[in-house]
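Q: Take a look at this one; I'll ask things after.
Any read-out appearing in this document is the output of simple, stated calculations on the displayed coordinates, not a laboratory observation. Remember, predicted model here, so these are calculated numbers, not experimental data. When we count neighbours, we look across all protein chains shown, and the Cβ atoms used for this are built from the backbone with ideal geometry, even at glycine.
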Amino acid sequence: MTDALLHAYTPLILWMGLGLILFRFIPQDFPRFLGRGLYWVGGPLQILALARRTDFAQGVGMAPLVTFAALGIGLGLAALCLFGFQQLAHYPAHPLASRFAWLGERSAQGSFLLAATLGNTGYVGLGLSPALIGTHHLGWSVSYSITHSLVGGYGIGVMLASRFSRPEQDNHWWLQLRDVLLAPSLWAFGCGIFTRTWELPTLIDSGLQLSLWLIIPSAFLLIGMRLSQLRGWSSFQPALLPATVRVLIVPILIGLGTTGVGLSGDPRLAVVLMAGMPTAFVGLVLAEEYNLDRQLVAGSIALTTMALLGTIPIWLLLFH
């Protein structure tokens with residue numbers, strides 16, 4: 001297990017550390033530019049390449065169902081927390097009422113839901129899985145990641161960001177549907193599935209696959225850059241609760257649930273690892289695009305990324 005963990009952690013720590021250092025010497029707007037580039041170009045390219053080349057036969061039935069369950073658990077728990085804090089607002093004398101008063105802002109509510117619900121199954125999840133999951137069962141990780149990206153990041157995530165970016169009275173279902181349909185990765189996945197039987201020129205096909213080797217390190221760099229922007233405990237405190245939901249509660253419930261239905265070994269480990277991935281970059285990009293609380297999402301990304309180094313050995317011991 002030590003060798004697998006070392007192999008998995010090395011690129012994550014290396015590129016994150018480089019991002020921490022580089023942020024001091026680059027323009028302040030570069031992380032936002034890189035994040036939007038990953039959303040509009042990097043993510044779609046990754047989805048396109050995976051859709052064209054992945055054999056979904058293994059895990060194609062079970063993994064998406066587990067993904068839906070994980071998304072539902074994360075969103076449901078976060079929504080319950082929000083409801084509870086909103087009820088506290090009716091009791092201003094309660095000590096927790098002032099502590100969570102910032103959740104009265106719609107921008108903070110949207111970011112809270114995004115941070116707890118969306119995991120980085122693409123860049124981080126698929127970057128770590130090959131070192132931890134047997135080659136024959138990587139289809140489970142890929143199937144989970146693609147389902148999570150399409151249904152979670154570019155479906156539920158876009159709908160939440162669109163909804164909480166507007167005053168309640170200005171919300172219309174067709175505006176959220178429009179924003180979802182414009183998400184680039186949905187179109188990339190459709191193109192990938194549609195062109196699976198097409199024989200692309202060698203140069204284009206090789207370039208598409210090699211792009212993954214650039215996209216994943218770029219995402220790790222962005223983590224380091226975002227960590228550099230956080231200052232003091234105040235940057236992390238609001239993110240504690242969504243981070244706990246994201247990297248502890250959801251994977252534990254998924255691990256217990258899949259065990260209960262008879263899943264074991266690498267397939268079970270694959271979905272538990274994916275369920276416990278850090279808060280997704282797409283949450284931060286959506287916060288940028290829709291003017292939500294960027295600090296909350298960035299803090300959750302930082303906390304969950306650091307927590308990942310400690311949770312992976314736990315999932316290996318409990319669910320492998």
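Q: Ranked from highest to lowest mean number of other Cβ atoms within 10 Å per residue, what is the order of the peptides 23-29, 248-254? Write out the running numbers ahead of the final one.
A: Values: 23-29: 10.4, 248-254: 20.1.
Taking the mean over residues of other Cβ atoms within 10 Å, the ranking is 248-254, 23-29.
Q: Using only alpha carbons, build the gyration tensor for region 161-294 and give me the equivalent ellipsoid semi-axes, biggest first, whole Å. Before the final figure, lay out each step's value.
A: Values: eigenvalues 164, 127, 80 Å².
In descending order, the three semi-axes are 29, 25, 20 Å.
Q: Could you let me know the centre-to-centre spacing of region 184-218 and region 31-49, using Cα atoms, in angstrom?
A: If we compute the Cα centre of each part, the gap is 12 Å.
Q: Which FRET efficiency, nearest 0.05, do Glu105 and Trp173 yield, Cβ-Cβ r, R0 25 Å? Display every interim value, and only then the final one.
A: On the way: r = 23 Å, r/R0 = 0.91.
Efficiency for this residue pair is about 0.65.
Q: Sticking with the crude label model, points 7 Å out along Cα→Cβ, report the distance from Ala79 to His320 in nm, one decimal please.
A: 3.7 nm
Q: Right, here's the next one. What is the calculated FRET efficiency for Thr10 to Gln87, with r their C-beta to C-beta distance and R₀ = 41 Å, to the nearest 0.05? Spell out each step's value before the answer.
A: Numbers: r = 46 Å, r/R0 = 1.12.
With R0 = 41 Å, the Cβ-Cβ based efficiency is 0.35.
Q: To continue, here is another question. Could you sort the peptides 284-293, 118-127 by per-residue average Cβ neighbour count (10 Å cutoff), highest mean leading? Numbers along the way, then the final one.
A: Details: 284-293: 22.7, 118-127: 27.1.
Packing order, densest peptide first, comes out as 118-127, 284-293.
Q: Still on this model: As a check on your grasp of the helix formula, calculate [θ] at 222 nm for the chain: sum -39500 (n - 2.57) over DSSP H runs of n ≥ 4, divide by the residue count, round to the nearest 500. Walk me through the numbers before you get to the answer.
A: Details: 17 runs with 220 residues, N = 320.
After summing the helix terms and dividing by residue count, I get -22000 deg cm²/dmol.
Q: For the chain, what does the relative contact order come out to in percent, with C-alpha contacts under 8 Å and a separation of six or more? Spell out each step's value before the answer.
A: Details: 457 pairs, mean separation 103.1, N = 320.
With pairs under 8 Å counted, the relative contact order is 32 percent.
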